[in-house]
Amino acid sequence: MEHDIQSAYQEELLRLEKAGAAISRQLEELRAVARYTGPNFTEQVLESLREETRTKLAAAIPEPYFGRLDFQEEGTQTPAPLYIGKTGVEDKDTGKPMVIDWRAPVASLFYSFTGGDGPAEYDSPDGLIEGLVYLKRNLVIRKQILQRVTDTYIRGSSESAVSDEFLLYRLGENKDNKLRDIVSTIQAEQDKIIRAAKNKALVIQGVAGSGKTTVALHRLAFLLYQYRDQVQADRMIILAPNRMFLDYISGVLPELGVGDIAQTTFNDWAMGRLEDAAKLADEAPYLEKRFATGAASAAGKGKQPAEESIPSGRWKGSAQFLERLDAELARYEKTSFTPQDYHPWEGATTLAGRTVYHWFYVENKHEPLFKRRERVVARIKRWLEMELEETRDERVRKERKKLATVRLKAYLKAWEEPSALRFYRSLFEASSRREWVPAPLAEETMKRLKKNELLAEDVAPVLYIHNRFHGIHGNDRFDHIVIDEAQDFSPFQIAVLKQHSRNHSFTILGDLAQGIHDYKGVHRWTEFTDLFPEDETDTFQLNRSYRSTMEIIHFANGVLSHSGVEVDAAVPVFRSGEQVAVEAVPAKERLSAIVRTVRELSGNEQHGTLAVIGRTEAECRGIHEALEQEGLRPSLLTANQQSYGGGLSVLPVYLSKGFEFDAVLVADADGSRYADTPRDAKLLYVACTRALHLLRVQYAGSPSPLLPRE
């Protein structure tokens, strides 16, 4: 470019020294102020603000900003340099921003502006602001050291801006065992989602590697900034597929300066709300059985396995099942209690059943069943106390009270407390089962329910019943809910979460092409959007993949073409690497070939994270053992894993979704393990798209028909 890069570097170096000194000086001054620990409320608030500023300044010192935008607002004479960082810092001398928070309205220009000589604009609290961009510059600062200066736009330059250079530089960096923030590389289509209005259910279809998860996490940080008077971090929740994935994403929000947001799985959250003595069945054996080698090919191309002729999870998770359940609950609420007359003692006034009926079904009809029962029981006890007061003789009153208490216990015993688990069980009992409950599923469900054990597919219906019986308290409602890997959720789960949301504020993200749990998840996003009023939803597509090289994406797209899923294929950024190597190995040398390849890949220092992806957990245990015997130190990742430690990992394909590794070896990609079926295509697609820089594929015997041919 005509612009002098060396001159730009020197300019930014001087600016960094001044900014770093100013921030350090502010921090030192605040640290010199004695911390207030007294009882005065006003002083407590002031101290809280000081401590918040101390934390922000301390976080800003190592990397105060990552971008610069020179913007001349309409009506002004000269462009002003705006420095964008993770946290805003004010110049104490001038009162003007020294660093602008990336979430501020004007900072949106840094992400939305992609070039051109025309005017740029952004929405501000004062309305639309227009002006001209003169410079867009990316900066890499690490531990107060300026490492890189990249100009992505210069007004009037005769050379085209290298708009992707900085992005490619960041994408080429190695990964560790934690997902990181993308504040410095947020793209325009991602920023649009991050800054979308709060009170809507956003549904995001994003290809593998499009940054769905990080976009959702950055959206939480934005909402807390933009709507600070309306939302609270402790009233937000992130629902992810498993605890290992939660550990993997756990570092992003703290990097963004956000804390106190609950991060859990749907089942863990729901089971924590249920008061019945139910336990969640261990899902690991079910996953292993469902994804066992050859399972998906048992019924032939394009068909579901024979054991899934009745998709239990799809049925229990459907909106139709919810409608049926609502009808059963309405019937139960009308007939659950048939009040009888209550006779506290001989000769006493009788409390008529019709009176109790009126209290229960008329006066408290808007309350949930449990609350109705509580109030009516309290009303009966008050009535009894008033009757006892009519008895003047102390001894007689005690005798009557004792008898009345015994009779009241018997009276209430016939009127059982509503139980979500007991009601749910009644739907599947042979003696009372409704005609709409499929008999085979009822029998399997009853086996579990008799042991007070719930399968994952039963959790949402039982919680829904629990909410109907007990109601939902204000503290159980969220300001915003993020659902990751949402293609594996059911409409019923979304319906339950709607009950716990304020203003239907959701970020729902996933990829139908990675819907390997299609036996319980959705097949199209309208299954979710139909649950909301039309004006309360927005849908977005993220088709650009930032994770893998072009070679890997093109290879994976070839696999996906067998899935039958109607989504747009991933479009890679222009980042090239090695061709995907597909290797045939003798069956007897299967494990030794895996060991050989792992040794080769481990010898490359660029591969900080390396994964061997097998078909099942049982097969991965064999691979793990073979690697250990050869002196390597792999981690075996299983369904019950709590954390991911990076390095060399061995894991089954159905647990790899959501993760990314510098290099991946897909083992055992033969025709018997990956047949030409939609689910196997999605499984193999997931495996291939875990690789950032390098992908190897091995098979013994005949290759999977899903593998692209040259």
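The values are calculated or read from the model by the stated rules, or taken from the named source; none is laboratory data. Keep in mind that what you see is a predicted model, and the values were worked out from it rather than measured. All Cβ positions, even for glycine, are placed from backbone atoms using ideal geometry, and neighbour counts span all protein chains on display. Surface areas here come from the heavy atoms of the whole protein model, side chains and all, with no ligands, DNA or RNA. Shrake-Rupley method; radii C 1.70, N 1.55, O 1.52, S 1.80 Å.
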Complete set of residues in the range 320-348 that are of a type in the set (Gly, Ala, Ser), touching a residue at least 12 places away in the same chain (Cβ under 8 Å) and open to solvent by 30 Å² or more (accessible area, probe 1.4 Å)
336
Could you list, in sequence order, the residues of the range 360-376 that are surrounded by fewer than 17 Cβ atoms within 10 Å (Cβ to Cβ) and either in contact (Cβ under 8 Å) with a residue 40 or more places away in the chain or hydrophobic (A, V, I, L, M, F, W, C) (or both)?
362, 367, 371
Would the range 27-39 turn up any residue that is farther than 30 Å from residue 190 by Cα, open to solvent by 50 Å² or more (accessible area, probe 1.4 Å) and either in contact with a Leu (Cβ under 8 Å, 6 or more places away or on another chain) or of a type in the set (Phe, Trp, Tyr) (or both)?
yes
Suppose the filter is part of a helix (DSSP H, G or I) and farther than 19 Å from residue 325 by Cβ; does residue 493 pass it?
no
Take the residues in the range 536-552 that are within 14 Å of residue 168 (Cβ to Cβ) and not basic (Lys, Arg); name whichever of them is surrounded by the fewest Cβ atoms within 10 Å (Cβ to Cβ).
550
Quick count over the range 491-513, residues being open to solvent by 10 Å² or more (accessible area, probe 1.4 Å), in contact with a Lys or Arg (Cβ under 9 Å, 6 or more places away or on another chain) and of a type in the set (A, V, I, L, M), is 1
Residue under question is residue 641, and the condition is that it be among the polar types (S, T, N, Q) and within 28 Å of the chain's Cα centre (by Cα); does it hold?
yes
Of 537, 597, 609, the only residue that is of a type in the set (S, T, N, Q) and farther than 20 Å from residue 660 by Cα is 537
Considering every residue within the range 43-64, establish whether at least one is in a loop (DSSP other than H, G, I, E, B), under 30 Å from the mean Cα position of the chain (by Cα) and buried (at least 16 other Cβ atoms within 10 Å of the Cβ).
yes
Can you say whether residue 201 is over 16 Å from residue 508 (Cβ atoms) and either in contact with a helix residue (DSSP H, G or I) (Cβ under 8 Å, 6 or more places away or on another chain) or in contact (Cβ under 8 Å) with a residue 24 or more places away in the chain (or both), as far as the supplied structure shows?
no
Given (1) over 30 Å from residue 321 (Cα atoms); (2) modelled with pLDDT of 95 or more, where does residue 617 come up short, assuming only one miss?
(2)
Which one of these does residue 465 not meet: (1) at negative phi; (2) part of a loop (DSSP other than H, G, I, E, B)?
(2)
So which of 114, 94, 76 is open to solvent by 50 Å² or more (accessible area, probe 1.4 Å), assigned to a loop (DSSP other than H, G, I, E, B) and under 23 Å from residue 185 (Cα atoms)?
114
Log entry, pairs with first residue in the range 138-149 being at positive phi, second being of a type in the set (Val, Ile, Thr) and not in a strand (DSSP E or B), beta carbons closer than 7 Å, six or more apart or on different chains, reads 144/61
Has the range 340-349 got at least one residue that is under 30 Å from residue 468 (Cβ atoms), polar (S, T, N, Q) and part of a helix (DSSP H, G or I)?
no
Can you name every residue in the range 350-359 that is aromatic (Phe, Trp, Tyr) and either part of a loop (DSSP other than H, G, I, E, B) or open to solvent by less than 50 Å² (accessible area, probe 1.4 Å) (or both)?
359
Per the filter on the range 129-155, residues outside any strand (DSSP E or B) and within 16 Å of residue 83 (Cα to Cα) are 144
Looking only at strands (runs of 3 or more DSSP E) that fall completely inside the range 609-695, which ones have 1 or more residues that are touching a residue at least 24 places away in the same chain (Cβ under 8 Å) and open to solvent by 10 Å² or more (accessible area, probe 1.4 Å)?
648-652
Note on the range 138-149: residues crowded, with 19+ Cβ neighbours inside 10 Å and more than 32 Å from the chain's Cα centre (by Cα) are 149
Are any residues in the range 286-329 over 17 Å from residue 435 (Cα atoms), at pLDDT below 90 and aliphatic (A, V, I, L, M), and if so, which ones?
287, 292, 295, 296, 298, 299, 306
Being modelled with pLDDT under 85 and under 19 Å from residue 12 (Cα atoms) is the filter here, so list the residues in the range 130-160 that pass it.
none
Could you list, in sequence order, all residues of the range 377-427 that are open to solvent by 70 Å² or more (accessible area, probe 1.4 Å), over 21 Å from residue 468 (Cα atoms) and not in a helix (DSSP H, G or I)?
390, 392, 393, 414
In the range 468-490, which residues are touching a residue at least 60 places away in the same chain (Cβ under 8 Å), open to solvent by 10 Å² or more (accessible area, probe 1.4 Å) and either over 23 Å from residue 206 (Cβ atoms) or part of a helix (DSSP H, G or I) (or both)?
468, 470, 471, 476, 477, 479, 488
Any residue at all in the range 430-437 that is open to solvent by 30 Å² or more (accessible area, probe 1.4 Å), in contact (Cβ under 8 Å) with a residue 12 or more places away in the chain and among the small types (Gly, Ala, Ser)?
yes
Meets criteria (open to solvent by less than 10 Å² (accessible area, probe 1.4 Å), modelled with pLDDT of 95 or more and among the β-branched types (Val, Ile, Thr)) for residue 237:
yes
Based on this model, can you work out whether residue 594 counts as out of contact with any Gly (no Cβ under 8 Å at 6 or more places or on another chain), buried (at least 23 other Cβ atoms within 10 Å of the Cβ) and aliphatic (A, V, I, L, M)?
yes
Take the residues in the range 167-217 that are in a helix (DSSP H, G or I), modelled with pLDDT under 90 and of a type in the set (Val, Ile, Thr); name whichever of them is surrounded by the fewest Cβ atoms within 10 Å (Cβ to Cβ).
185
Do any helices (runs of 4 or more DSSP H) lying entirely in the range 243-294 carry at least 1 residues that are over 13 Å from the mean Cα position of the chain (by Cα) and closer than 30 Å to residue 616 by Cβ, and which ones are they?
266-273, 284-290
